[in-house]
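The values are calculated or read from the model by the stated rules, or taken from the named source; none is laboratory data. Please read all numbers here as calculations on a predicted model, not as lab measurements. Note that each Cβ is placed from the backbone with ideal geometry, even for glycine, and that neighbours are counted across all protein chains shown. Areas reflect the complete protein model, heavy atoms only, side chains present, ligands, DNA and RNA absent. Shrake-Rupley method; radii C 1.70, N 1.55, O 1.52, S 1.80 Å.
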Amino acid sequence: MAVDGRSVAVQQFLKKTELIKQGAEARVYRGIFLGKPTILKERFPKLYRHPLLDEKLTHRRTVQEVRALLRCRKAGISAPAVYFVDYTCHCIFLEDIVGSVTVRDYITSIQLSPQKSQEERLDHLAKKMGLVLAKMHEEDVIHGDLTTSNMLLKVGGDTEEADLFLIDFGLSYISALPEDKGVDMYVLEKAFLSTHPNTEALFEKLLKAYTASYRKSHSVINKLNEVRLRGRKRSMVG
Amino acid sequence: MEGKIDGALINPFMIVHPFEVLVAANKAVHLHRIGKMKTRRMYSEIIYNLSPTNNISDAFKRFGTSDSDTAVLIVLVHPTDETRHMTEVMAKVDGQQIPVEDVSKMVDTAQIKKLYRTTPQEDSCLLDAVVCRMAVKDVI
Ligand SMILES: Nc1ncnc2c1ncn2[C@@H]1O[C@H](COP(=O)(O)OP(=O)(O)O)[C@@H](O)[C@H]1O
Ligand SMILES: [Mg+2]
């Protein structure tokens, strides 16, 4: 065990890497691990939390993340492969989805491009998102933090068709309850509309694709509507 | 083969790609350092790490070698600049040496799919399916 608490694999990896995101929960690096382009996600201690509680929570997030990634991959949902997990420093070594962009950046870039081709490309993307989320909920995976930053689009792979990857499963869990799935979609709706202004119609298209391809979507959408209403009431009172 | 070989002796027909072995070895070295190996020796730990389950004797049955085997993959862990041990091991093996990349040509795909219980959706990259299960098996 190295002096600073990081394993040899982590230390070697960090020698030649690039920090790509410093978040509130984790640092994300890009580098090479055993010869492969790899993303290292390191969850660091939160100093304001009690150390034992913090350790427990951080461990749980790491475990939830890798479990969900495997579960999704088994079901044919595109998600990065897990190469190695270091539970002592809460590090996950993941397949780097080389050449991908976040859906967030992709939408922004489309919105900056010439008006003409915008709608078609955005509609196509919304449909794709709806289908992937339907598949995920069919597997009873609740993502827990659906945003357009937690989806990657890999354009120009083997096929013409771009591949949509789901990432950042630290808050995920397994549940068959329509309520949990409804809240999952509500979280996405909130994030989507605040990140990408004036996209209400686009989000409706996403929901339409979700509904059309998911047998049990009816009860989820009912719950979504309930949660929306609760949200609105709360903001009217507050 | 003559005498005992100090290394991990692996059944190459169960290996999809050398990357898988690197992953297993890296994990063994890591757990060795922090004193959390599941087996008693680094070389047995490498074999154990290749397996999708937490059953040690199962791992040896699938990934270990037996006297009747016609091929073996030998894994050694050593400091980068210290290759003496490797020369020693090579002297003990009576057989034809092949490039490590060639293990991919020997793989028994049907056996791999069965053992790791991969889904048809994972067929496009069996290596990722295998490595994922190896990486996550402690918490499944
Ligand atoms: N497997 C990956 N391949 C490529 N980029 C990734 C991958 N995982 C994460 N990223 C990039 O790093 C960012 C942060 O990763 P994420 O897992 O969402 O961590 P956080 O919890 O900090 O949001 C993502 O938005 C994406 O840009
Ligand atoms: Mg994220």
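Summary of computed values
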quantity	calculated
Test: residue in region B:1-18 that is among the aliphatic types (A, V, I, L, M), within 14 Å of chain A (Cβ to nearest Cβ) and assigned to a helix (DSSP H, G or I)	no
Candidate set from region A:162-188 (those that are of a type in the set (D, E) and surrounded by fewer than 20 Cβ atoms within 10 Å (Cβ to Cβ)); member that is farthest from ligand 2 (Cβ to nearest atom)	A:E179
Selection count, region A:145-170, where residues are of a type outside the set (V, I, T), more than 13 Å from chain B (Cβ to nearest Cβ) and within 15 Å of ligand 1 (Cβ to nearest atom)	14
Selection within region B:84-140 - more than 14 Å from chain A (Cβ to nearest Cβ), open to solvent by less than 40 Å² (accessible area, probe 1.4 Å) and in a loop (DSSP other than H, G, I, E, B)	B:V107
Residue ranges of strands (runs of 3 or more DSSP E) in region A:21-124 with at least 2 members within 11 Å of ligand 1 (Cβ to nearest atom) and within 14 Å of chain B (Cβ to nearest Cβ)	A:36-43, A:82-86, A:91-95
Candidates A:A9, A:A79, A:A2, A:A26 - the one that is within 16 Å of A:D96 (Cβ to Cβ) and modelled with pLDDT under 95	A:A9
Selection within region A:92-110 - within 16 Å of ligand 2 (Cβ to nearest atom) and of a type in the set (A, V, I, L, M, F, W, C)	A:I92, A:L94, A:I97, A:V101, A:V103, A:I107
Set A:L125, A:L133, A:L94: member being closer than 21 Å to A:K16 by Cα and modelled with pLDDT of 95 or more	A:L94
Odd one out for B:V23 among (1) farther than 18 Å from A:V10 by Cβ; (2) at pLDDT 95 or above	(1)
Verdict on A:R43 being buried (at least 21 other Cβ atoms within 10 Å of the Cβ), within 20 Å of A:G144 (Cα to Cα), at pLDDT 95 or above and more than 14 Å from ligand 2 (Cβ to nearest atom)	no
Region A:90-121, residues that are more than 21 Å from B:D128 (Cα to Cα), open to solvent by 70 Å² or more (accessible area, probe 1.4 Å) and touching a residue at least 12 places away in the same chain (Cβ under 8 Å)	A:R104, A:Q111
Pairs where the first residue, in region B:80-94, is on the phi > 0 side of the Ramachandran plot and the second is in a loop (DSSP other than H, G, I, E, B) and surrounded by 13 or more Cβ atoms within 10 Å (Cβ to Cβ), C-beta under 6 Å, 6+ apart	none
Pairs where the first residue, in region A:72-83, is free of Cβ contacts under 8 Å to residues at least 40 places away in the same chain and the second is among the β-branched types (V, I, T), C-beta under 7 Å, 6+ apart	A:K74/B:T119; A:A81/B:V131; A:V82/A:V66; A:V82/A:I92; A:V82/B:V136
Residue selected from region A:125-144 under the condition open to solvent by 50 Å² or more (accessible area, probe 1.4 Å) and more than 14 Å from chain B (Cβ to nearest Cβ), by the criterion nearest to ligand 2 (Cβ to nearest atom)	A:L131
Of all residues making up region A:55-72, the number that are touching a Leu at 6+ places or on another chain (Cβ under 8 Å) and either farther than 9 Å from A:F169 by Cβ or open to solvent by 10 Å² or more (accessible area, probe 1.4 Å) (or both)	2
Residue in region A:179-197 that is more than 16 Å from ligand 1 (Cβ to nearest atom) and within 14 Å of chain B (Cβ to nearest Cβ) present	no
